[in-house]
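First up is the structure itself, then whatever we jot down about it.
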Amino acid sequence: MPTVLITGANRGIGLEFARQYAADGWHVVMLNRTLLASAARDMLGPQATEFFYDALDDASAAEAVRSLSGTPVDVAILNAGLGAGPDLPPEAIRRDHWEATMLTNAYAPLHLAALLEPNLRAGSHKVLASVSSLAASMADYDVPRQFVYRASKAALNQLWRNLSVEWRPWGCICLALRPGRVSTRMTNFSGELTPAQSVVGLRQVINDATAAESGCHIGYDGRVVPW
């Protein structure tokens, strides 16, 4: 039974990833700050396990990974993150907006990925995916504001690009995923895609990924997003 690890799997596309992988017989490991209600956890079946994880608490990351000691992880999907938040002009942005978003969306995934390196090395698939956004693109995104959010996702993409080089010798494939505009709480349920539609596409990207695509930002439709 292959193993997938998913952060932020208590709702939205994270929960949909968990649901689809569980339905296909994978062992699903969920790292959540808000733990699932028992009914939702039961829906995923006995092959799903859940641990507490707060992206802004390094101790919780270490404890969750200690619980997985010796467990091979075939695919890790680091999905937990903060959305764009208030639509602020540049003069209204303060240090607290910057720190929380950059730490959650850039530092925390890198830190967790580093802790999971032994698990990924032991896995068969060796895919490390982060959930990014079209907002990270400097070429294909022409929307005002969202300064801190865009910077955080661009930083995430660069970190994944770096990891793709750092971990190339042992075969890790590092993907920054673009889920599309999905109808979830993060978009105020205004997206064009359902979580199921987005995740079907993203799982295909993960399944088909090759070493040549490691370090790329790839959409749910399989297209590479320009930097």
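Numerical summary
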read-out	value
Degrees between helix 195-208 axis and first principal axis of the chain (Cα, 0 to 90, nearest 10)	70 degrees
Candidate values (i) 8, 35, 40, 15, 2, 0; (ii) 8, 33, 35, 18, 6, 1; (iii) 8, 27, 24, 21, 16, 4, 0, label of the one derived for P(r) over Cα pairs in 10 Å bins from 0, in percent	(i)
For the stretch 1-134, Kirkwood radius (reciprocal of mean inverse C-alpha pair distance, Å)	15.4 Å
Solvent accessible area, Å² - ASP142, 1.4 Å probe, full protein context	150 Å²
Cβ charges +1 (Lys, Arg) and -1 (Asp, Glu), total dipole of the chain, debye	120 debye
Most mobile of ALA154, ALA80, ALA212 in a GNM of the chain (Cα contacts under 10 Å)	ALA212
Histogram of C-alpha separations across the stretch 1-53, 5 Å bin width, %	5, 25, 40, 24, 6, 0
For the chain, calculated [θ]222 nm from helices alone, where every DSSP H run of n ≥ 4 adds -39500 (n - 2.57)	-11500 deg cm²/dmol
Modelled label reach - ASP57, point 7 Å along Cα→Cβ, the stretch 1-22 residues with backbone N closer than 15 Å	8
Cα-based Rg and Dmax for the stretch 96-198, where Dmax is the largest Cα-Cα distance (Å)	14.9, 43
Solvent exposure of the stretch 84-148 as accessible area per residue, Å², 1.4 Å probe	53 Å²
Only Lys, Arg (+1) and Asp, Glu (-1) charged, at Cβ; the stretch 1-85 dipole about Cα centre in debye	120 debye
Kirkwood hydrodynamic radius over Cα pairs of the stretch 75-153, then Stokes diffusion coefficient at 37 °C and 0.692 mPa s, in µm²/s	236 µm²/s
Largest to smallest accessible area among PHE147, PHE17, PHE189, PHE51 [probe 1.4 Å]	PHE189, PHE147, PHE51, PHE17
Which of TYR141, TYR149 is most accessible, then next, and so on - probe 1.4 Å	TYR141, TYR149
Amide hydrogen neighbours beyond the local backbone of ASP54, cut-off 5 Å, H modeled	SER60, ALA61
Where SER132, SER69 fall by accessible area, highest first, once all protein chains stay in place (1.4 Å)	SER69, SER132
Most mobile of LEU134, LEU88, LEU56 in a GNM of the chain (Cα contacts under 10 Å)	LEU88
Options HIS111, GLY12, LEU88, ranked by Cα towards positive dipole end of the stretch 1-125, top entry (Cβ charges)	GLY12
The chain: angle of helix 147-166 to the longest principal axis, Cα-based, in degrees nearest 10	40 degrees
Of all accessible heavy-atom area on the chain, the percent that carbon and sulfur account for (1.4 Å)	54 percent
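The values are calculated or read from the model by the stated rules, or taken from the named source; none is laboratory data. What you see is a predicted model; the values in this text were computed from it and never measured. Note: ideal-geometry Cβ built from the backbone for every residue, glycine included; neighbour counts use all protein chains shown. Surface areas here come from the heavy atoms of the whole protein model, side chains and all, with no ligands, DNA or RNA. Shrake-Rupley method; radii C 1.70, N 1.55, O 1.52, S 1.80 Å.
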